[in-house]
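The values are calculated or read from the model by the stated rules, or taken from the named source; none is laboratory data. Note that the structure is a prediction, hence the values are computed from the model and not measured. We place every Cβ from the backbone using ideal geometry, glycine too, and count neighbours over all the protein chains shown.
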Amino acid sequence: MLGEARTCEAVVTSRMITCCVRGHSMTDAIKVAVRIRPLNKQELDAGHSFAWNVQGNTLNANDSRDAKYTLDHIFGPEWTTRQIYEVATKGLLDKVISGFNSTVFAYGQTSSGKTFTMRGSDQEQGLIPLAVREIFELLNGCQDREFLLRVSYMELYNEEVNDLLAPQNTKLPVHESKEQGVYVCGLREDIVTCPEAVLSLLAEGEANRHIGATKMNDTSSRSHTVFRMVVESRMRDAEGSDAAAILVSTLTLVDLAGSERVAKTGAEGIRMKEGTAINKSLLTLGNVINKLSEGALSTGGHIPYRDSKLTRILQPSLGGNAKTAIICAMTPAACHVEESHSTLRFACRAKRVVNNAVVNEVLSDAAVLKRQAKEIEELKKRLEGSGMSAEVVGQIGHLRGQLLRSEQENELMRIKLEEEKQEREKAQKQVEVARKMMFEGGPSREDLVASAKRNNRRETWCPGGKAGWAAPPGAGVLTAAGPGPH
């Protein structure tokens, strides 16, 4: 492992280039599964029945012959979380180790089993702790690479981003940059070296999460949570152009709060305000999924990521650079059939969303130049003893062009830095001259007193003023027709 366990802030190193490895991209639709929980005690006591018919990966309501939903996986009440993990999400972790971003999130109405699926219970581990342990097992099996892991844990409560690992950090802003993409400014990150450290941080964060009781759930999540593991890796004792290449990927695990109906939850006051914010962000998520499923990303249509902080933060996972799986949790009770239909419609739309995940590499300028030079040499070797095809000639020309552009960019950066240095030195000299004049060659005390007496009468300057109001030298006069001549 790289580094030691400590708290850190994410930093962007200047002149580092994030790129995708040629030939290492994966275009794939979001994988969507449905988990149907058993009827709970409240539903059984009320006499509600199991209202859905499942056949393979297709299900429909018992009272409807028309509405059938076909998804990647449908897990009935008999499935354990471990089994769901093995089938639906485990494969994403291999991609994380290989440099691909991956995301798993649970969606569904309140009290449908989302938090149980993601976090688990004392009796059954959820997807998050299972993924944490799996990640470390995979890392320990990679003897040719060394790794650095950072974790963060945030919640979105009433459309505000709070840091669950540093509860004093609230209302954090969401920004975007070319280097980092979409990120939360000021979010604490901890470097971790073992699964126990991660699980301890998860428990710490969970204790700070907003929960509350409603008629449908005594421990209802009142916020969305986003848990992230950033995995950095590089070759051990590597030589050559790739030695400085670092793979940086992110595993994002999201537990969404459930959509609510006030008539069923009995929410009032603060609970009603929380429910309104939850529904608003989930509505935006639905709108984003709907637009993406209609192909808005490829046709240049507007996608409302910015309408909610939730979709803003999840933007890379929705139609972006990530492998994504969604677990849609639903209750089978007849009294919630309408809400379950809504969840399944969301699931079917999400299944049509296509992401384009790429291997994320961070390279220094020097590493980029070395890699390009190495590729040119490899192409030259391929030409030895064989005829030069048009394809190879084109590849060499392309690489030479890239190499030239990189060298030009480096030279421009060097010139810019030199100019900035000269400007700083010039400004420093001006400060020194001004300081010297002030303390050595400034006006006498008598001159200052006389000047103060002359200026005792207040004098006002106003742009465009009448005669007798003197404007400062060089000042333009503003009139109704615009600025006067200078």
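Counting only residues that are among the acidic types (Asp, Glu) and modelled with pLDDT of 80 or more, which one in the range 249-278 is farthest from the chain's Cα centre (by Cα)?
Ranking the qualifying residues of the range 249-278, first place goes to GLU274.
Tally up the residues in the range 183-198 that are in a strand (DSSP E or B) and aliphatic (A, V, I, L, M), please.
Matching residues across the range 183-198 total 3.
With respect to the numbered conditions (1) more than 22 Å from ASP28 (Cβ to Cβ); (2) part of a strand (DSSP E or B), which one is the sole condition not fulfilled by SER112?
(2)
Of these, ILE246, ILE211, which one is at pLDDT 85 or above and either closer than 23 Å to VAL184 by Cβ or basic (Lys, Arg) (or both)?
One residue alone meets the criteria, ILE246.
In this structure, does TYR69 turn out to be among the hydroxyl-bearing types (Ser, Thr, Tyr) and touching a Cys at 6+ places or on another chain (Cβ under 7 Å)?
The answer is yes for TYR69.
Which one is farthest from GLU196 (Cα to Cα) among residues in the range 131-182 that are more than 20 Å from the chain's Cα centre (by Cα) and in a strand (DSSP E or B)?
ARG145
Condition first: modelled with pLDDT of 90 or more, out of contact with any strand residue (DSSP E or B) (no Cβ under 6 Å at 6 or more places or on another chain) and either buried (at least 23 other Cβ atoms within 10 Å of the Cβ) or under 30 Å from THR193 (Cβ atoms) (or both). Can you find one or more residues in the range 290-303 that meet it?
Within the range 290-303 (the criterion being modelled with pLDDT of 90 or more, out of contact with any strand residue (DSSP E or B) (no Cβ under 6 Å at 6 or more places or on another chain) and either buried (at least 23 other Cβ atoms within 10 Å of the Cβ) or under 30 Å from THR193 (Cβ atoms) (or both)), the answer is yes, since at least one residue qualifies.
Going through the range 92-123 one residue at a time, which ones are of a type in the set (Gly, Ala, Ser), crowded, with 19+ Cβ neighbours inside 10 Å and touching a helix residue (DSSP H, G or I) at 6+ places or on another chain (Cβ under 8 Å)?
SER102, ALA106, GLY108, SER112
Restricting to the range 28-51, name every residue that is in a loop (DSSP other than H, G, I, E, B) and under 17 Å from VAL337 (Cβ atoms).
ARG37, PRO38, LEU39, ASN40, ALA46, GLY47, HIS48, SER49, ALA51
Please go through (1) under 30 Å from MET272 (Cβ atoms); (2) surrounded by 21 or more Cβ atoms within 10 Å (Cβ to Cβ) for HIS210 and return the number of the only condition it doesn't satisfy.
Only one criterion is unmet by HIS210, namely (2).
When GLY126 is evaluated against the numbered criteria (1) at pLDDT below 95; (2) surrounded by fewer than 24 Cβ atoms within 10 Å (Cβ to Cβ), which criterion, by number, is the only one it fails?
(1)
Yes or no: LEU164 touching a helix residue (DSSP H, G or I) at 6+ places or on another chain (Cβ under 9 Å), over 22 Å from SER98 (Cβ atoms) and either buried (at least 22 other Cβ atoms within 10 Å of the Cβ) or hydroxyl-bearing (Ser, Thr, Tyr) (or both)?
Yes, satisfied.
Inside the range 173-195, can you point out the residues that are within 12 Å of ILE313 (Cα to Cα) and among the hydrophobic types (A, V, I, L, M, F, W, C)?
VAL174, VAL182, VAL184, CYS185
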